[in-house]
Amino acid sequence: MSKQYVGIIGLGVMGQSIALNIERNGFSVAGFDLDEKRVGTFRERARGKQITTHEVLEDFVAHLESPKRILLMVPAGEPVDAVIHDLKPYLSSGHVLIDGGNTYFKDTERRMKALEGTGILYIGTGISGGEEGALWGPSIMPGGNSEAWPFVQPIFQKIAAKVQDGTPCCDWVGSGGSGHFVKMVHNGIEYGDMQMICEAYSLLERALRLSPSDMHSIFSEWNQGELNSYLIEITANIMTKIDEETGKPLIDVIMDRAGQKGTGKWTSQVALDLGIPAATIAEAVFARTMSAMKEERVEASKQLKGPTLSFSGDKKTFIEKIRQALYASKICSYAQGFQILHEASKEYGWNLQFGNIALLWRGGCIIRAQFLDKIKEAFARNASLPNLLLDPYFKSAIDENQAAWREVIGQSIGWGIPVPAFSSAVAYYDGYRSDRLPANLLQAQRDYFGAHTYERIDRPRGEFFHTQWMETDSTIKSNS
């Protein structure tokens, strides 16, 4: 019986695509799925290749070389636990299990803990790039049991996307759930990127009354400069698609109601847990939830009035200002994402290499962009950089773009066009650069109604005070 080098459980779109990618790069594959139809479809796609297909789990495992390398491409959550439960009787010390789904990082850590003592090596691996990336080269972010890395490194780095110098967009991220955490933050940044591009589109369409054809030219031009990225590229392409049924631009036929799978929400929740202000990413999540209220919004639009929208000025000049606003907002969104990574690395002891993470995202993934090279350079200049906004390149970029950025946001508010990501990005920038915020009043309020105490500017940090606010000159020093 011939043995296959790697096994894949879950032959959906992503599972099939990554299996074909692995085989094309010289590694034999065994595929398994409980769904007979999926197995049959994949069997046809795999005809003539070094691929076997299986509907019986024991038979599937028996066809794998040792140490057995099994990649799980099943939906996150209970399906992963179920597959691990079913696999355990067939695995032993030294075998490698890889979860390639969009799994919550704490679930990855829980599963690693559950497998302690078995000798089974567990890896939580973020894979980004969608169906096309999985087939032709994704960004891969593995983390977990480092003993497993030598067994999967040749596969992952061979199938991953490559940048111009041939560097694979795959490297070891760190211990525990760090691989899935980095993928989660990638997705949170992706939410921000997409929302900001949508806000630029909204201004071009609603304020400047530009057609999809006009916007194709604009986004194509933007893709030649600082904003060069996969998302800008596909946005330009989207503007050219004509709906066969109506003959209209397809973008004008699509319902303005967005879906989501949860990773953006996780990023926002984790940011709150870690105490990191990631409002732009959160606003991108909220923008999707607002869009989902379609029927309610339609009814509200009949009752709630806003300003009359009229543009007077040079369109070409304002288009450039929108581009500048998009770029400045993007910088702040990425700054928030990398602050989350920075704090998580300290909190969980992962020792993440932020410049290397930026390199992982240069190809294959959804947020791949020229911009990421600048982030790598920033961390090369200062490995302990606390915030991208403090890097000379990004400080200069904000300085050059912020006048236009503020003007675009001000105009948008005056016109009644919502730009929550742009607005939260500039608020983040202004908050971060403020040496004094109104939180002194907030602390006074908290102490007034709840005796939560406060620090004083004329006393050492860590020394706390409480005031009896209804009396005069009655300040009581509390324990630090």
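Summary table
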item	result
Prolate/oblate/rounded label for the range 185-277 (Cα gyration tensor, a/c 1.5)	prolate
Long-range Cα-Cα pairs in the range 383-466 (distance over 23 Å), rounded percent	49
Proximal aspartates and glutamates relative to Lys321, as straight alpha-carbon distance under 16 Å, when same-chain residues fewer than 8 apart are discounted	Glu199, Glu205, Glu221, Glu226, Asp399, Glu400, Glu407
Alpha-carbon centroid distance for the pair the range 21-74 / the range 324-352, whole angstrom	38
Volume in Å³ per residue [convex hull over Cα atoms, computed for the range 337-480]	204
Candidate aspartates and glutamates - alpha carbon under 16 Å from Lys162, same-chain residues fewer than 8 apart omitted	Glu132, Asp171, Asp373
The chain, relative contact order in percent, only Cα pairs under 8 angstrom and at least six apart counted	12
Sulfur and carbon atoms: percent of accessible area, the range 359-478 [1.4 Å]	55
Cα-Cα P(r), the range 1-114, percent of pairs per 5 Å interval	2, 12, 24, 25, 20, 11, 4, 1, 0
Accessible surface, per residue, of the chain when the full set of protein chains is kept, probe 1.4 Å, Å²	48
Cβ charges +1 (Lys, Arg) and -1 (Asp, Glu), total dipole of the chain, debye	360
Förster radius 45 Å - calculated FRET efficiency between Glu244 and Ala403 (Cβ-Cβ, nearest 0.05)	0.55
Relative contact order computed over the range 15-63 (Cα-Cα under 8 Å; 6+ residues apart), in percent	38
Rg/Rh for the chain, where both radii come from Cα atoms and Rh is the Kirkwood radius	1.03
His63, His180, ranked by accessible area, largest first (probe 1.4 Å)	His63, His180
Relative contact order (%) - the range 302-447, alpha-carbon pairs under 8 angstrom, separation at least six	33
Among the listed pairs Lys183/Lys330; Lys261/Lys374; Lys113/Lys330, those beyond 27 Å (Cα-Cα)	Lys261/Lys374; Lys113/Lys330
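The values are calculated or read from the model by the stated rules, or taken from the named source; none is laboratory data. Just so you know, these numbers come straight off a predicted model, no measurement behind them. Counting neighbours? That spans all protein chains shown, and the Cβs are built from the backbone with ideal geometry, glycine included. Calculation scope for accessible area: heavy atoms of the full protein, side chains included, ligands and nucleic acids excluded. Shrake-Rupley method; radii C 1.70, N 1.55, O 1.52, S 1.80 Å.
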